Amino acid sequence: MNVKLESPGSARAGSVNGKHEATTARASHALYCPTEVHILVIDDEPGICSLIRSALERPNFLIDTVSDVTQIEQQLQAKPYNLVITDYVLPGMKAEDVFEWIRRDQGDASVIVVTGFPSLDSAVSSLRARTYDYLTKPFDISQLEEVVRRCLESKGLLRLSEEALRETLGQTIRERRKALGLTLAQMAERTSVSLGYLSQIELGKNSASIETLYRICLGLGIRMADLFLTIKS
């Protein structure tokens, strides 16, 4: 869990920066969700709940929100969730009680904590509850999106699309080849793979067979495992 304490900020919806960074948009486009993802957002301010839900809405993302603190326990018992995003400071509630309900009723869910009143005590409490991350308000929506993306990727709920996989492999092969000072023609000679096919692979326009990837790795002087280490999925 990456904990960063800042001075307390306003917890109002207007204080949350709604910018969507281009890099985040590209990352979201490159990933796909092979199954439904159930997310619960808990915040006593309906505006914050709506903002987070709007920011995270995607195909196959089913997002529930609860802003009435008296309904939190009931909602946690209603159905299983993959991810719970919860405010740390909730009126009349102890965070430890909410963590206990999540642990009891949502044992497989990851938890992301957000708070407008960061403190060492709340950070330690969140750490003990084994939350995935701890974010302080105000935060950029792009920051929340990135944390959610990493969390769901780690659970295998988000994966690289086939197109993104081809592009990532191709870019890696091209960068490795250029680092060795090899032209495409020289690479083709080394690997016995046609120049046109290599070009298509590097551009991400064509999928390479396992045998072709093996030849390419031999030509680059690397193991196939090293090639796939560059891919986050």
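Tabulated data
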read-out: Lys155 versus Leu218: modelled label distance in nm, points set 7 Å from Cα along the beta carbon direction; value: 4.3
read-out: Under Karplus coefficients 6.51, -1.76 and 1.60, residue-wise ³J(HN,Hα) of the range 198-211 in Hz, glycine/proline x; value: 4, 4, 5, 5, 5, 7, x, 8, 9, 7, 9, 6, 4, 5
read-out: For the range 162-228, size of Cβ-based charge dipole, Lys and Arg +1, Asp and Glu -1, in debye; value: 220
read-out: Reachable aspartates and glutamates, given that their alpha-carbon falls under 16 Å from the alpha-carbon of Lys94 and they are not under 8 places away in the same chain; value: Asp43, Asp44, Asp68, Glu73, Asp121
read-out: Stokes-Einstein diffusion coefficient of the range 124-193, Kirkwood radius over Cα pairs, 25 °C, 0.890 mPa s, in µm²/s; value: 154
read-out: Where labels lie 7 Å past Cα in the beta-carbon direction, separation of Ala225 and Arg130 in nm; value: 2.8
read-out: Kirkwood Rh (inverse of mean 1/r, distinct Cα pairs), the range 38-133, angstrom; value: 13.4
read-out: Share of Cα-Cα pairs in the range 162-228 lying beyond 14 Å, as whole percent; value: 51
read-out: Stretchable slack from Ala179 to Tyr197, in nm (0.36 nm times residue separation minus alpha-carbon distance); value: 4.5 nm
read-out: Peptide ranges 76-83, 129-136 listed from the most packed, as the mean C-beta count within 10 angstrom indicates; value: 129-136, 76-83
read-out: Label-point separation in nm, Glu36 to Gln77, each point 7 Å along Cα→Cβ; value: 2.2
read-out: Residues Asp64, Asp87, sorted so that the one with the fewest Cβ neighbours within 10 Å comes first; value: Asp64, Asp87
read-out: Nonlocal amide H pairs with Ile85, under 5 Å, H built at 1.01 Å; value: Leu40, Val41, Ile42, Ile112
read-out: Residue-wise HN-Hα coupling along the range 177-191, computed from phi with Karplus coefficients 6.51, -1.76, 1.60 (Hz; x: Gly, Pro); value: 4, 5, 5, 8, x, 9, 7, 4, 5, 5, 5, 4, 5, 5, 9
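We did not get these values from a lab; they are worked out from the coordinates using the rules stated. Here the structure is a predicted model, which means the values were calculated and not measured. Quick reminder, even Gly has a Cβ in these numbers, built from the backbone with ideal geometry, and neighbours come from all protein chains shown.
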